[in-house]
Amino acid sequence: MINIFYPEQFFDANVRGSWMELLRSKDRSARGSNAVDDLALENGIRWVDKPEDADMLLVPMDWAYYYKQKVQGKVLQWANDWKDKMPVISQSNGDHGITVADGIWQFRSNIYASNNNSYQLATPPFFPDPLAAYFQQKEITVRPYKEVPVIGFCGQSISTPYKRIKDVLRVSFLNMLHLIGASYWDEHKVMSTSHLREKVLRTIEKSSLQTNFIRRAKYRAGASTPEQRKKTTLEYFKNQQDSDYIVCVRGGGNFSVRFYETLAMGRIPIFINTDCKLPLENNIEWEKHAVWIEEDELQDIPEKIMAFHEKLGEDGFRALQQHNRKLWEANMTLSSFYLQALNEIVK
């Protein structure tokens, strides 16, 4: 049981979208569709009324909320006053992220590993179990081993010269705002992620590998209604269910939600490493769970997929599908991730 305190004066109950995710375990009305997972988190945390009774302190809102409200100075002062006495944890999610003072722990999705900030902890995205939500299944459908595997992808990947230029100019403009002190968001690597995805998919298509690609011109195929979103999401997960390996490339932020969804579906990611930092890296040997491709190895993707697949063999291929699903359940859900991460910080 971990005792946590947070200051009420820095908490806005009316802006639930900016609450730190751990607060789900405190307010049942704020929980999403993973009620069982939230309950597990509730059973691992005790909220206390005094900081002196806590094992760690929590900044209750995402850092972007405080910067937008222009009260970040007060919150940072409070955190800095306590950080030498006990751990202070906080959250900065989204595609960009905000780096705050050393010594304040940050859970965030978007991290560049080369920044080497040990207080920034990679956080997986949290989502309802797709097997239960879309297929009414508790167990994965294990794919049979074939000599030539099926490579899947469903998502935004159509790139034009105009789109590439637009992507690069957008990132460059945001970086310029950061450099002149006009933006609190962190800098990003200047690149067109849609072009990167297209390059990866084309390289695979030119090989002898079987492909199962659904290319989208827009995010979620431009779905705007609940019915459309449900339809395109089902198509997305059906694409994963009908494939052996799934191409996982970063989006607007330096992380891939698809990577974790692939694990949840019991499939094997083809992970394009763009200087990413993955969750619980000290406890998980990530390269055993995915075809690992560095950015300078894009031309070798087909060969690396086949080498990985052949090394697995029939038994290893079936086993890895099960292992990846279990890895998601045991490490990447809200409760399983945070209870591990918080215990590591306390130690």
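The values are calculated or read from the model by the stated rules, or taken from the named source; none is laboratory data. Fair warning: this is a prediction, and the values are worked out from it, not measured in the lab. All Cβ positions, glycine included, derive from the backbone under ideal geometry; neighbour counts span all protein chains shown.
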Quick one: what pairs do we get from the range 134-147, first residue assigned by TED's automatic domain parsing to the domain that holds L234, second modelled with pLDDT of 95 or more and in a loop (DSSP other than H, G, I, E, B), C-beta under 7 Å, 6+ apart or different chains? I140/M265; I140/G266; R143/D244
Only unsatisfied item for R220, checking (1) closer than 25 Å to Y67 by Cβ; (2) of a type outside the set (F, W, Y); (3) surrounded by fewer than 17 Cβ atoms within 10 Å (Cβ to Cβ), is (1)
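For E227, state whether it is modelled with pLDDT under 90, over 22 Å from the mean Cα position of the chain (by Cα) and not polar (S, T, N, Q).
Working: modelled with pLDDT under 90: yes; over 22 Å from the mean Cα position of the chain (by Cα): yes; not polar (S, T, N, Q): yes.
Yes; evaluated as a whole, the condition is true for this residue.
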Answer residue from the range 64-92, given it is touching a residue at least 60 places away in the same chain (Cβ under 8 Å) and buried (at least 21 other Cβ atoms within 10 Å of the Cβ) and is nearest to M332 (Cα to Cα) among those: Q91
Tell me, which residue of the range 274-309 that is in contact (Cβ under 8 Å) with a residue 60 or more places away in the chain and in a loop (DSSP other than H, G, I, E, B) is surrounded by the fewest Cβ atoms within 10 Å (Cβ to Cβ)? N282
Can you tell me which residue in the range 95-120 is modelled with the lowest pLDDT, limited to those that are more than 21 Å from I272 (Cα to Cα) and of a type in the set (A, V, I, L, M)? A101
Going through S183, S159 one at a time, which residue ends up being of a type in the set (S, T, Y), more than 22 Å from F271 (Cα to Cα) and surrounded by 14 or more Cβ atoms within 10 Å (Cβ to Cβ)? S183
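Scan the range 258-271 and tell me whether some residue there is modelled with pLDDT of 95 or more, touching a Cys at 6+ places or on another chain (Cβ under 7 Å), among the β-branched types (V, I, T) and part of a strand (DSSP E or B). Step through it out loud before you land on a result.
Taking the range 258-271 and keeping what is modelled with pLDDT of 95 or more, we get 258-271.
Next, only the ones that are touching a Cys at 6+ places or on another chain (Cβ under 7 Å) stay: 258-259, 262, 269-271.
Filter again for among the β-branched types (V, I, T), leaving 262, 270.
Okay, now just the ones that are also part of a strand (DSSP E or B), so 270.
There is at least one residue in the range 258-271 that is modelled with pLDDT of 95 or more, touching a Cys at 6+ places or on another chain (Cβ under 7 Å), among the β-branched types (V, I, T) and part of a strand (DSSP E or B).
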Within the range 164-189, can you find the residues that are assigned to a loop (DSSP other than H, G, I, E, B) and more than 16 Å from A64 (Cα to Cα)? I180, H188, K189
